[in-house]
Amino acid sequence: MEKIEHTTVATNGINMHIASIGTGPEILFLHGFPELWYSWRHQLLSLSSLGYRCIAPDLRGYGDTDAPKNYREYTVFHILGDLVGLIDSLGIDKVFLVGHDWGAMVAWYFCLLRPDRIKALVNMSVVFQPRNPHKSFVQISRDLFGDDYYICRFQEPGEVEEDFAQMDTARIIRKFLTSRNPKPPCIPKEVGFRGLPDNPNLPSWLSEKDINYYAGKFNQTGFTGGLNYYRCLDLNWELMAAWTGLQIKVPVKFIVGDLDITYNMPGAQDYINNGGLKQYVPFLQEVAIMDGVAHFLNQEKPEEVSSHIYDFIKKFN
């Protein structure tokens, strides 16, 4: 880990912290919520040893990267502006892109809007959802699961922050990272996130040191930056109207655990396995379903995930 370099890059009006290691073709790793560059620690080390330059930023609002106060400054256009500016400043023309969770969502948009900068994509957990011209993603979620669904609960600025403030930050991180319940998370206000079950024992792939690294950074920044991505979902939907129906035209591999919440959403397995996803992502070449694996697969099964990434991207060097 001490071989990983930490630098700050000025991009798109903010200062962005990046962790990087290695030389060779560049891989850009995009983390999710509530995470940091640190979620890719295993992949940075393993793929750099195989001849790649691995770059993992703290995304806007996270860790040691700046966090604008206005939630409207967290649209996918802002995030992509940060990332294009980042690779421009590093003198990179095209990258291999790897995303997970919110990072996967950003990665889909990156490939949709700037395919000229992407060699190939390995995306995890969150599938590409074509834009519904009649109804936003938040409204669709509300119709399916009700107001207590976590994405709906995240919409009101300050509300979930108050809920989180009643818990130790390390406990919040532990709840998220160790959850293995594949059902859609619905959290009534009166129960709150503090009412979610605590896992008394950490799994073998997660240490107290890991929890404390995340907690230390979120203690400094709070969770608002990450939550603002959810608060921009409706705004993204409005701004993306002109790109309705556009396909993603880069080579793609998609990986998900069979215990992931996202894989157990109504219709998700059929969409992924029976041609629905490929209709919108025509260059989808591989789908890997990891047995007995939950949402944070890049940390739970680091060697397998690194192999999945390497076996795919080496075709495009």
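Calculated from the alpha-carbon coordinates, the stretch 159-317 shows an Rg and a Dmax of 18.2, 52 Å respectively.
Projected area of the stretch 56-106, taken from the Cα convex hull and averaged over every viewing direction, in nm²?
3.8 nm²
A simple packing score, the average count of other Cβ atoms within 10 Å per residue, orders the peptides 296-303, 269-276, 11-18 as 296-303, 11-18, 269-276, with the highest score first. Normalised by residue count, the stretch 1-136 yields a Cα convex hull volume of 110 Å³ per residue. With all protein chains in place and ligands, DNA and RNA left out, the 1.4 Å accessible area ranks Ser46, Ser141 as Ser46, Ser141, largest first. Rounded, prolate or oblate: which fits the stretch 36-79, taking a ≥ b ≥ c as square roots of the Cα gyration tensor eigenvalues, rounded meaning a/c under 1.5, else prolate when a/b beats b/c? The shape class here is prolate. Taking the accessible area of the stretch 138-186, probe 1.4 Å, and keeping the other protein chains in place, the carbon and sulfur fraction comes to 48%. Subtracting the Cα-Cα distance of Ser307 and Ile289 from 0.36 nm times their residue separation leaves 5.1 nm of extension gain.
Placing +1 on each Lys and Arg Cβ and -1 on each Asp and Glu Cβ, with no other charges, gives the stretch 77-181 a dipole about its Cα centre of roughly 540 debye. Among 143-153, 170-180, the peptide with the highest mean count of other Cβ atoms within 10 Å heads the list, and the full ranking is 170-180, 143-153. Calculated mean residue ellipticity, 222 nm, the chain: -10500 deg cm²/dmol, from DSSP H runs (n ≥ 4) at -39500 (n - 2.57) each, averaged per residue and rounded to 500.
When the listed pairs Lys3/Lys94; Lys175/Lys315; Lys209/Lys249; Lys94/Lys183; Lys217/Lys249 are checked against a 32 Å cut-off, the alpha-carbon distance exceeds it for Lys175/Lys315; Lys209/Lys249; Lys94/Lys183; Lys217/Lys249. A 1.4 Å probe over all protein chains sorts Leu206, Leu259 by accessible area into Leu259, Leu206, starting with the largest. Is the chain rounded, prolate or oblate when judged by the Cα gyration tensor, a ≥ b ≥ c being the square roots of its eigenvalues, rounded requiring a/c under 1.5 and prolate requiring a/b larger than b/c? Judged from the Cα gyration tensor, the chain comes out rounded (a/c under 1.5).
Neighbours of Met1, meaning other residues whose beta-carbon lies under 12 angstrom from its beta-carbon, give a summed charge of 0 when Lys and Arg score +1 and Asp and Glu score -1. Annotation: per residue accessible area for the chain equals 41 Å², rounded to a whole number [probe 1.4 Å, protein chains only]. Evaluated at q = 0.11, 0.16, 0.20 Å⁻¹, a Debye calculation over the C-alpha positions of the stretch 240-317 (equal weights, vacuum) places log10 I(q)/I(0) at -0.34, -0.69, -0.99.
Annotation: Lys253 carries an accessible surface of approximately 10 Å², with a 1.4 Å probe and no ligand, DNA or RNA atoms counted. Against the 2.2 N^0.38 Å scaling, with N counting residues, where does the stretch 93-234 land? I'd like the Cα-based Rg ratio to two decimal places. Compactness ratio reported: 1.17. For Glu156, the solvent-accessible surface computed with a 1.4 Å probe is close to 100 Å², ligands and nucleic acids excluded. Measure off, as a whole percent, the carbon and sulfur share of the 1.4 Å-probe accessible area of the stretch 217-275, all protein chains present. Ligands and nucleic acids excluded, carbon and sulfur reach 50 percent.
Taking the Cα centre of the stretch 1-64 as origin and assigning +1 to Lys and Arg Cβ atoms and -1 to Asp and Glu Cβ atoms, the resulting dipole is close to 100 debye. In a reduced charge model with +1 at each Lys and Arg Cβ and -1 at each Asp and Glu Cβ, the stretch 123-243 shows a dipole moment near 400 debye about its Cα centre. Shown are Asp198, Asp260, whose ranking by accessible area with a 1.4 Å probe and every protein chain present, most to least, is Asp198, Asp260.
Among Ile21, Ile92, Leu45, whose Cα projects farthest towards the positive end of the dipole of the stretch 1-137, with charges put on the beta-carbon of Lys, Arg (+1) and Asp, Glu (-1)? Most positive-ward Cα: Ile92.
The values are calculated or read from the model by the stated rules, or taken from the named source; none is laboratory data. For clarity, every value in this text was computed on a predicted model and none was experimentally measured. Neighbour counts are summed over all protein chains in view; Cβ atoms, including those assigned to glycine, are modelled from backbone coordinates with ideal geometry. Areas reflect the complete protein model, heavy atoms only, side chains present, ligands, DNA and RNA absent. Shrake-Rupley method; radii C 1.70, N 1.55, O 1.52, S 1.80 Å.
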